[in-house]
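Note sheet for the following structure.
Each reported figure results from applying straightforward, stated rules to the coordinates on display, with no laboratory input. In this text the structure is predicted, and so the values were computed from the model without any measurement.
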Amino acid sequence: MPNNRVDEIASDIIDAIRRVLEKHEVTFDEYRAGFNHLIETQQAGEVPLLLDAFFNTTICKIENARRKGSIGTLEGPYYLEDAPLVTDEIKSFDDDEGTPMILRGTVTDLAGKPVAHAVIDIWHSTPDGRYSGFHDNIPNEYYRGKVRSDAEGGYEVRSKVPVPYRIPDQGPVGALFTAMGRHSWRPAHVHYKVRKEGFETLTTQSYFEGDEWVASDCCEGVYGALVLAEKIENGARVMSLDFVLDPAT
Ligand code: MBD
Ligand code: FE
């Protein structure tokens with residue numbers, strides 16, 4: 001049985017691509033080159049990266065227009081569901097030489113009422129720009145953790161400061177950025193996914209004021225409200241981010 005929504009969207013995507021092919025009078029060789037690039041992207045395991053690099057931001061824009069709570073942004077390709085529950089600290093390598101980081105804030109509803117016992121699922125790169133569970137066999141339970149908000153809706157957890165992330169330039173997605181004359185850097189960022197029954201799940205990130213790439217994120221995921229001012233407490237970079245959740249629809 002045909003699905004109307006799939007038909008409408010898939011038909012429009014096909015039409016849009018056909019218009020581009022005609023506009024640029026794409027040759028059969030060029031068509032094959034694009035085709036092979038997709039196959040290489042698949043073989044390199046970079047299909048999630050390709051899609052998230054170019055289209056996740058558009059979905060976020062659509063969702064932000066619909067919701068009233070905090071600004072959401074890219075989930076990106078490196079989320080894993082099975083992060084451990086943590087209390088004070090997200091596991092990191094003792095010898096990673098990263099700067100300590102404190103993540104703190106509150107979870108509230110649209111009226112400003114605290115949301116207790118929300119799960120804040122946090123993940124970010126190592127201090128040298130890799131993601132656990134994806135790169136170099138870093139075990140999944142490092143640099144990821146689920147924190148619960150307390151009775152007043154507050155949360156606080158320690159970790160290490162991540163660094164800007166470069167989409168690997170040897171891979172097919174990085175090669176595409178290069179061929180397009182673009183850089184493939186994302187500013188350093190911390191990912192969050194905030195969940196509580198009765199509310200819409202909020203997926204967002206925080207960024208660091210002064211970061212070299214914050215004004216030119218290759219994945220276009222930066223919103224001003226998510227760029228946090230420099231704040232240091234006993235040598236730790238403090239990232240204060242409050243989450244306002246929309247009610248579930
Ligand atoms: C990332 O770490 C990321 O968050 C996104 C959105 C895309 C590529 C790498
Ligand atoms: Fe990321």
Just subtract the alpha-carbon distance of Arg182 and Lys68 from 0.36 nm times their residue separation and send over the number in nm, one decimal. 37.7 nm
For the stretch 61-82 and the stretch 100-138, write down the distance between their C-alpha centroids in whole Å. 13 Å
Would you list which lysines come within 25 Å of Lys23, measuring only between C-alpha atoms, while excluding same-chain residues fewer than 8 positions from it? none
Using the reciprocal of the averaged 1/r over all distinct C-alpha pairs, how large is the Kirkwood radius of the chain in Å? 19.7 Å
Here the relative contact order (percent) of the stretch 1-132, from C-alpha pairs under 8 Å and at least 6 apart, is 15 percent
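Take the alpha carbon atoms of the stretch 150-249, find their radius of gyration, then divide it by 2.2 N^0.38 Å using N residues; give the quotient.
Compactness ratio reported: 1.29.
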Quick one: length gained pulling Asp150 to Gln42 fully straight, 0.36 nm per residue minus the C-alpha distance? 34.6 nm
Here the relative contact order (percent) of the chain, from C-alpha pairs under 8 Å and at least 6 apart, is 23 percent
Given only helices, namely DSSP H runs of n ≥ 4 each adding -39500 (n - 2.57), what is the per-residue ellipticity at 222 nm of the chain, to the nearest 500 deg cm²/dmol? -8500 deg cm²/dmol
Gyration tensor (Cα only) of the stretch 95-219 to equivalent ellipsoid, semi-axes in Å sorted down, yields 30, 17, 14
Tell me, in nm to one decimal, what length is gained between Ala236 and Asp169 on full extension, where the rule is 0.36 nm per residue of separation less the Cα-Cα distance? 21.0 nm
